[in-house]
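The values are calculated or read from the model by the stated rules, or taken from the named source; none is laboratory data. For clarity, every value in this text was computed on a predicted model and none was experimentally measured. When we count neighbours, we look across all protein chains shown, and the Cβ atoms used for this are built from the backbone with ideal geometry, even at glycine.
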Amino acid sequence: MNGDNYKSIPNKLANDDYMTTESLDTSILKNLCREREGFINVDPLQTGGKLYPESKVALQNWGDGYSVCDFCGGRLDQIKNPPIYDFVYCILPKFLEVDIARVTNGAREGIDTVMHSMCSPGDTVVIDKNAHYTTYVALERNHLNVQEVLNSGYPEFKIDPEKYIEAIEEVKKNTGKLPTLTLLTYPDGAYGNLVDAKRVAEISHQYGIPFLVNAAYGIGRMPISVRELGCDFIVGSGHKSMSACGPVGVLGLKKEYEGKILRRSKFYKVKEVELLGCTARGASLITLMASFPYVAERVKNWPEEVKKARWFSGEIENLGLKQLGEKPHNHDLMFVESAKFFEISQTHPKRGYFLHSDLKERGIVGIKPGLTKNFKMSTFMLKEDDLKKVVNAFKEILSKYGV
């Protein structure tokens, strides 16, 4: 929905009758069904967030608000029943190979936490041009300036780590001081490109600048080691990539920054200010924990996931579609340019919605309704037979309309 469409929405709140309890109709809220069961789902927002059976049971058992707080002594991360303490202080840091970890309400909250702690209004942060929109929103929220590291443009949109040097020097030239933070999206959520994060870390540290990695599409899908990447902070998304119901995320940091990021409240000594005392307090955290044994194992299969993605990329390109982003591709998330589907949409009665409809008829969901010219999708955790069905579906649809 674009901005113009919002103008056409009736202002029901302006109608006094709508606000009376006698006329309040909640019947529409009684049918919150979702058609996904039995379908092949290629939505990159969801392929890494699908719950395992144990997680679904946990979701039902812990769905009540504040359900984890029965035995809380004042700190969420120190609750031992359920074993949140063990997860936050032992399991998660070891998994990320980082000094300290915390649970957040999502990757974006982790980004905001780091920016708010490490920067002051008016400071500049260097980011990659492929950064997620939430990076920009966090910059705005914290009244920070941005210096972008541009990508290579169509068709690969690659980020050159060496360009971080130019960006840092540009900030120094224009402001007389260095950026207070550098950030890299690893991988980016548009094209699934994986930049040499270790090199960005080296460059940042040569200038004495802390380095943040946004691994919302990385942690939980592929092996991620803070020690190997060399970053100072890392954030991940539980609901995008760690099979949690969400919203929930993870934050990792080096011990030297503990005093800034996890400083305590002067009013409530036990509370960590940047986390507003507590973060995920119910089913989102429990499903993250319930899924974690599977997540920790599945990252070991990452080479196979990359192999599947590359096979899929080749197959759809044989049909005349085009995978944008780096090649050979190194991630399950991909951006597909589809001039042929767009051509069909120009004369089809359903216009751009025909593709979603035709795919759904073939048991496939996840490509957003209305998109034909280009769209994002993911091959993560899909079986080879399912990927073949997707390829065949594309082929059948093109043949159906004689393109």
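Of all residues in the stretch 218-229, those satisfying the criterion of being more than 19 Å from ALA131 (Cβ to Cβ) and part of a loop (DSSP other than H, G, I, E, B) are GLY220, PRO223, SER225.
Taken over the stretch 366-382, the criterion of being of a type outside the set (Ser, Thr, Tyr) and either under 15 Å from GLU315 (Cα atoms) or not in a loop (DSSP other than H, G, I, E, B) (or both) is satisfied by ASN374, PHE375, LYS376, MET377. The set of residues in the stretch 86-106 that are under 20 Å from ASP232 (Cβ atoms) and polar (S, T, N, Q) contains only THR104. The sole residue among GLU274, GLU297, GLU326 that is farther than 19 Å from TYR85 by Cα and in a helix (DSSP H, G or I) is GLU297. Among the conditions (1) assigned to a loop (DSSP other than H, G, I, E, B); (2) crowded, with 21+ Cβ neighbours inside 10 Å; (3) modelled with pLDDT of 95 or more, TYR268 misses just one, which is (2).
Being of a type outside the set (Val, Ile, Thr), free of Cβ contacts under 8 Å to residues at least 12 places away in the same chain and outside any loop (DSSP other than H, G, I, E, B), is that true of even one residue in the stretch 95-113?
Just the residues of the stretch 95-113 that are of a type outside the set (Val, Ile, Thr), to begin with: 95-97, 99, 101-102, 105-110, 112.
Still in the list and also free of Cβ contacts under 8 Å to residues at least 12 places away in the same chain: none.
For the stretch 95-113, residues of a type outside the set (Val, Ile, Thr), free of Cβ contacts under 8 Å to residues at least 12 places away in the same chain and outside any loop (DSSP other than H, G, I, E, B): absent.
Looking at GLU317, GLU304 in this structure, which one is of a type in the set (Asp, Glu) and over 23 Å from ALA216 (Cα atoms)? Criteria check complete, one pass: GLU317.
Selection over the stretch 1-55 of residues that are in a loop (DSSP other than H, G, I, E, B) and modelled with pLDDT under 70 gives a count of 10. Here LYS360 fulfils each of the conditions (1) touching a Gly at 6+ places or on another chain (Cβ under 9 Å); (2) under 30 Å from GLU54 (Cα atoms); (3) assigned to a helix (DSSP H, G or I); (4) not assigned by TED's automatic domain parsing to the domain that holds LEU76 apart from (1). With respect to the conditions (1) at pLDDT below 95; (2) farther than 16 Å from ALA290 by Cα; (3) touching a helix residue (DSSP H, G or I) at 6+ places or on another chain (Cβ under 6 Å), GLY74 lacks only one, and its number is (3). Of the residues making up the stretch 120-140, those that are closer than 21 Å to ALA215 by Cβ and either charged (D, E, K, R) or more than 22 Å from the chain's Cα centre (by Cα) (or both) are ASP128, LYS129. Within the stretch 246-265, the set of residues being touching a Lys or Arg at 6+ places or on another chain (Cβ under 7 Å) and buried (at least 21 other Cβ atoms within 10 Å of the Cβ) comprises LEU251 only.
Does at least one position in the stretch 338-349 carry a residue that is in a loop (DSSP other than H, G, I, E, B) and touching a residue at least 40 places away in the same chain (Cβ under 8 Å)? Yes, there is a match, as at least one residue in the stretch 338-349 is in a loop (DSSP other than H, G, I, E, B) and touching a residue at least 40 places away in the same chain (Cβ under 8 Å).
State all residues of the stretch 240-276 that are small (Gly, Ala, Ser) and in contact (Cβ under 8 Å) with a residue 60 or more places away in the chain; if no residue qualifies, say none.
Just the residues of the stretch 240-276 that are small (Gly, Ala, Ser), to begin with: 241, 243-244, 246, 249, 252, 259, 265.
SER241, SER243, ALA244, GLY246, GLY249, GLY252 - these are the residues of the stretch 240-276 that are small (Gly, Ala, Ser) and in contact (Cβ under 8 Å) with a residue 60 or more places away in the chain.
Inspect the stretch 234-242 for any residue being in a loop (DSSP other than H, G, I, E, B) and under 16 Å from the mean Cα position of the chain (by Cα) and give the result as yes or no. Yes.
So, in the stretch 25-60, of the ones that are of a type in the set (S, T, N, Q) and in contact (Cβ under 8 Å) with a residue 12 or more places away in the chain, which residue ends up surrounded by the fewest Cβ atoms within 10 Å (Cβ to Cβ)? Quick ask: steps written out before the conclusion?
Taking the stretch 25-60 and keeping what is of a type in the set (S, T, N, Q), we get 26-27, 31, 41, 46-47, 55, 60.
Filter once more, keeping what is in contact (Cβ under 8 Å) with a residue 12 or more places away in the chain: 41, 46-47, 55.
Numbers: ASN41: 20, GLN46: 16, THR47: 21, SER55: 22.
Only one residue tops the list, namely GLN46.
Within the stretch 302-320, the only residue that satisfies the criterion of being among the aliphatic types (A, V, I, L, M), in contact with a strand residue (DSSP E or B) (Cβ under 9 Å, 6 or more places away or on another chain) and surrounded by fewer than 19 Cβ atoms within 10 Å (Cβ to Cβ) is VAL306.
Just so you know, in the stretch 104-135 the residues that are under 20 Å from VAL248 (Cα atoms) and out of contact with any helix residue (DSSP H, G or I) (no Cβ under 7 Å at 6 or more places or on another chain) include one that is surrounded by the most Cβ atoms within 10 Å (Cβ to Cβ), and it is GLY110. Restricting to the stretch 385-403, name every residue that is in contact with a helix residue (DSSP H, G or I) (Cβ under 7 Å, 6 or more places away or on another chain) and either exposed (fewer than 13 other Cβ atoms within 10 Å of the Cβ) or touching a residue at least 60 places away in the same chain (Cβ under 8 Å) (or both). LEU387, VAL391, PHE394, LEU398, VAL403 - these are the residues of the stretch 385-403 that are in contact with a helix residue (DSSP H, G or I) (Cβ under 7 Å, 6 or more places away or on another chain) and either exposed (fewer than 13 other Cβ atoms within 10 Å of the Cβ) or touching a residue at least 60 places away in the same chain (Cβ under 8 Å) (or both).
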